[in-house]
1. If you go through the stretch B:108-130, how many residues are open to solvent by less than 60 Å² (accessible area, probe 1.4 Å) and either among the aliphatic types (A, V, I, L, M) or more than 25 Å from residue A:111 (Cα to Cα) (or both)?
2. Could you tell me whether any residue of the stretch B:34-42 is hydroxyl-bearing (Ser, Thr, Tyr), in contact (Cβ under 8 Å) with a residue 24 or more places away in the chain, open to solvent by 20 Å² or more (accessible area, probe 1.4 Å) and farther than 23 Å from residue B:116 by Cα?
3. In this structure, is residue A:136 within 27 Å of residue B:121 (Cβ to Cβ) and either assigned by TED's automatic domain parsing to the domain that holds residue A:99 or of a type in the set (A, V, I, L, M, F, W, C) (or both)?
4. Kindly provide the set of residues from the stretch A:1-56 that are polar (S, T, N, Q) and modelled with pLDDT of 75 or more, ordered by number.
5. Being hydroxyl-bearing (Ser, Thr, Tyr) and over 15 Å from the mean Cα position of the chain (by Cα): is that true of residue B:121 here?
6. In the stretch B:43-58, how many residues are under 12 Å from residue B:23 (Cβ atoms) and surrounded by 15 or more Cβ atoms within 10 Å (Cβ to Cβ)?
7. Among the residues of the stretch A:158-189, which ones are more than 8 Å from chain B (Cβ to nearest Cβ), open to solvent by 10 Å² or more (accessible area, probe 1.4 Å) and aliphatic (A, V, I, L, M)?
8. Please verify whether the stretch B:97-107 includes one or more residues that are open to solvent by less than 20 Å² (accessible area, probe 1.4 Å) and within 30 Å of residue B:147 (Cα to Cα).
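The values are calculated or read from the model by the stated rules, or taken from the named source; none is laboratory data. What you see is a predicted model; the values in this text were computed from it and never measured. Positions of Cβ are backbone-derived with ideal geometry, glycine not excepted, and every protein chain shown enters the neighbour counts. Ligands, DNA and RNA are stripped out before the accessible areas are found, and what is left, the full protein with its side chains, is counted by its heavy atoms. Shrake-Rupley method; radii C 1.70, N 1.55, O 1.52, S 1.80 Å.
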There are 2 protein chains.
Amino acid sequence: MSGETENPGEIRPGGRTARTRDAVCRSTLQVLAELGYAELTVERVAERSGVHKSTIYRRWGGIDGLVVDALAFAVDDDWEPDLSGNVEANLMEFARMALASFADPVYGPTHTAVVAAAFQSDRAVDAVHRFFADRFGRTSMIITRAIENGELPQNTDPEAVIRALMAPIYFRLFISRQSVTDVDLEQAVQAALAAALAGVFENQERR
Amino acid sequence: MSGETENPGEIRPGGRTARTRDAVCRSTLQVLAELGYAELTVERVAERSGVHKSTIYRRWGGIDGLVVDALAFAVDDDWEPDLSGNVEANLMEFARMALASFADPVYGPTHTAVVAAAFQSDRAVDAVHRFFADRFGRTSMIITRAIENGELPQNTDPEAVIRALMAPIYFRLFISRQSVTDVDLEQAVQAALAAALAGVFENQERR
């Protein structure tokens, strides 16, 4: 990432590297939001960002690399789940936020593009793994807190509950291609909780 | 679909139409299985099937149309779920069969290709809708039988239970890109059943 000397007038190469990434990621996100994945080309990102095509190819490899880094760029935040309610309220709040994020004009198309790219690119699969590890990790706090409060069984696997909650939502959006209503979110929350309360997600010596 | 007169020596135009579809769909499935979606071209299908490129473009429109029809062709069967066990055993049997079908060298890549194509093609979205309506419809018998047997609440929505069962499996395969083990299948069955027994999937006047 260092050693960029194309522009000798630049006196802060570290700062320039960061600014280049910023410009390229923002341009990628803009193109995804405005034109969609099918219209995303390195040429277009180069034009918008003012970063030379050869630099983009060298540093990001191509479209997949751009999409992957743009997703990392877009989610590189300090988000933590709201823990102010009981477990049911906190899960519902999270599910609503997750669904809303798909409708966000920048974040939505980027996340969708990475999920789509994972069908053809191992690099995108890695990005997807990192993304869900991060999100599941942060969201697990809702379940950890619920266990502490005695709302869920002691050995409940937090990630399993979050996955059970999110799977039907992703399934509707990206697999069966059905709309997701607030009623669907509520059903997903209730189903995940019922299973957790029944001990289905308890970590134990597996048979 | 009728009125094909390119080959006047053909005396059964209906039969020829069916044979053309058969050849084209089989070739599409072969290419998908052997080379994958990225290598699927109309030229390649034309070459393998012996059906002229222009006929394929005219009748199927292009790659998306081929994939969509090949999926319909591949699932055009008399499959019905096994109802010989209790609801838990029948769901587990179905989940195992569904997972195995993704590993099938013909069916697996075709189903995956249609799910992937739906990210970019409305035609593929329609195919996905028809596919799941068909599969959910047939599989619902497991739940209908369970209700008759008093294993599940009277007003349980069969499709909701099947979706709850399959969503985590599709989520792992196509979204979070994690492997699916027999333990995961069992957890999916137990979670769907626990939610159904708790009444989460009961059809009722919705609030």
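1. Counting residues in the stretch B:108-130 that are open to solvent by less than 60 Å² (accessible area, probe 1.4 Å) and either among the aliphatic types (A, V, I, L, M) or more than 25 Å from residue A:111 (Cα to Cα) (or both) gives 10.
2. No: zero hits.
3. Numbers: within 27 Å of residue B:121 (Cβ to Cβ): no; either assigned by TED's automatic domain parsing to the domain that holds residue A:99 or of a type in the set (A, V, I, L, M, F, W, C) (or both): yes.
So residue A:136 fails the test.
4. A:17, A:20, A:27, A:28, A:30, A:41, A:49, A:54, A:55, listed by residue number.
5. Values: hydroxyl-bearing (Ser, Thr, Tyr): yes; over 15 Å from the mean Cα position of the chain (by Cα): yes.
Here the answer is yes, as residue B:121 does meet what is asked.
6. Initial filter on the stretch B:43-58 (under 12 Å from residue B:23 (Cβ atoms)): B:45-52, B:55-56.
Imposing the further condition that a residue be surrounded by 15 or more Cβ atoms within 10 Å (Cβ to Cβ) reduces the set to B:45-46, B:48-49, B:51, B:55-56.
Going through the stretch B:43-58 one residue at a time, the tally reaches 7.
7. Across the stretch A:158-189, the qualifying residues are A:173, A:180.
8. Checked against the condition, which is being open to solvent by less than 20 Å² (accessible area, probe 1.4 Å) and within 30 Å of residue B:147 (Cα to Cα), the stretch B:97-107 yields at least one hit.
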